[in-house]
Amino acid sequence: MTEAMLRGQKGLASVKDLPVRQDGPPPGGFPPVRYARRIANSGPSGLAVVLFSSVVIGWGMYQVGQGNLHRRTLKAEKIAARQAILPLIQAEEDARFVREKKKFMEEEAKIMANVPGWKVGENVYNSRRWMPPSTGKIRAEC
Amino acid sequence: MGVEETSPLQERPAPITTSAVLMAASKHIASKCGAQNRAFLDCKRNDPDPERCLRQGQDVTGCVISLLKELNNKCPKAMDAYSKCMDYWTNEFELCRKEQQEFEEACPL
């Protein structure tokens, strides 16, 4: 009743004669919605990608191999240097050891002078092979 | 290289044999004292008893010490620089290539 009064429609008998107000599409309809795939078919081919990546990987592996060769030479150099120095160090240690052992034997002779049947510096093993002392260093110099 | 002579009155002694000095001179030791090293190692392989190889050991020690003394008198600065570099980089050869080259130019193998 109120709508009829507000709009001043002529010939309006009831509410049912009012023009329909609803949300609807614009005239001509909505524009179409794209839902189809659009993946471009351009760019490198599969073969090109495979070739390029194998080139890159191959180059990388070659570089790894070169690096390993270089590291091998470095290791060999280090080993050679240690081989050159080893005899000096061993010789010095031998001389020191013999000095200390002599002192030790003299001590032992002094201590065991009155014990019958004691051989100073007797080998505790039955074989003639040289065995390093098993009870730690012989009076290591501090 | 600069002038590296010693004055005739003062001969430098052999440097104190730290690991850096020995590693620095290792190539010289290998080439100049190789025979003594080999003799000592052969003696050791035969009999590891220290008392058996004292003479060869003395040969080795004498050769190396006199070699170090000679290097110290011929090219003291280069040897000192190389030893210090080795000392700093804990005997890594690859990190001291420049000093090694200068040392081997001043005192050839």
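The values are calculated or read from the model by the stated rules, or taken from the named source; none is laboratory data. Note that the structure is a prediction, hence the values are computed from the model and not measured. Neighbour counts run over all protein chains shown; Cβ positions are idealised from the backbone, glycine included. Only protein heavy atoms, including side chains, enter the accessible area calculation; ligands, DNA and RNA are left aside. Shrake-Rupley method; radii C 1.70, N 1.55, O 1.52, S 1.80 Å.
Using heavy atoms of the protein chains and a probe of 1.4 Å, the accessible area assigned to A:Phe30 is about 150 Å². Spin-label model, A:Ala109 to A:Lys75: label points 7 Å out along the Cα-to-beta-carbon direction sit 5.1 nm apart. Projected onto its three principal axes, the C-alpha set of the protein assembly as shown covers 150, 61, 42 Å, listed from the longest axis down. In this calculation the C-beta distance from B:Ser66 to B:Arg45 is compared with R0 = 25 Å, giving a FRET efficiency of 0.45. Scaled to the globular estimate 2.2 N^0.38 Å, the Cα spread of chain A, given as radius of gyration, is 3.58. In the protein assembly as shown, taking the dipole from charged Cβ atoms about the Cα centre, the farthest positive-side position among B:Leu95, A:Tyr62, A:Val33 is held by A:Val33.
Label sites at A:Phe30 and A:Trp59, each approximated as a point 7 angstrom past Cα along Cα to Cβ, lie 5.1 nm apart.
If you take the alpha carbon radius of gyration of the range A:13-82 and divide it by 2.2 N^0.38 Å, what ratio comes out, to two decimals?
Working: Rg = 36.1 Å, N = 70, 2.2 N^0.38 = 11.1 Å.
Computed over Cα atoms of the range A:13-82, the ratio equals 3.27.
Once you average over the residues of B:37-46, how many Cβ atoms of partner chains fall within 10 Å of each Cβ? Provide the component values of the computation, followed by the final result.
On the way: counts 8, 1, 1, 6, 4, 0, 1, 5, 0, 0.
Going residue by residue through B:37-46 and averaging, the value is 3.
If you take the Cα atoms of chain B, find Rg, then find the Kirkwood Rh from the mean of 1/r over all pairs, what is Rg/Rh?
Values: Rg = 15.4 Å, Rh = 14.9 Å.
Ratio of gyration radius to Kirkwood radius: 1.03.
Take B:18-24, B:28-34, A:126-132 and order them by the average number of nearby Cβ atoms within 10 Å per residue, most first; the result is B:18-24, B:28-34, A:126-132.
For the protein assembly as shown, the 222 nm mean residue ellipticity estimated from helices alone, with every DSSP H stretch of n ≥ 4 adding -39500 (n - 2.57) and the total spread over all residues, rounds to -19000 deg cm²/dmol. Residues in the range B:25-40 carry Karplus couplings, in order, of 8, 4, 5, 5, 4, 4, 7, 8, 10, x, 5, 5, 4, 4, 4, 4 Hz; the curve used is 6.51 cos²θ - 1.76 cosθ + 1.60 with θ = phi - 60°, and Gly or Pro positions show x. The 1.4 Å probe gives accessible areas that order A:Ile111, A:Ile85, largest first, as A:Ile111, A:Ile85. For A:Ser127 and A:Glu100, the FRET efficiency from 1/(1 + (r/R0)^6), where r spans their Cβ atoms and R0 equals 22 Å, is about 0.40.
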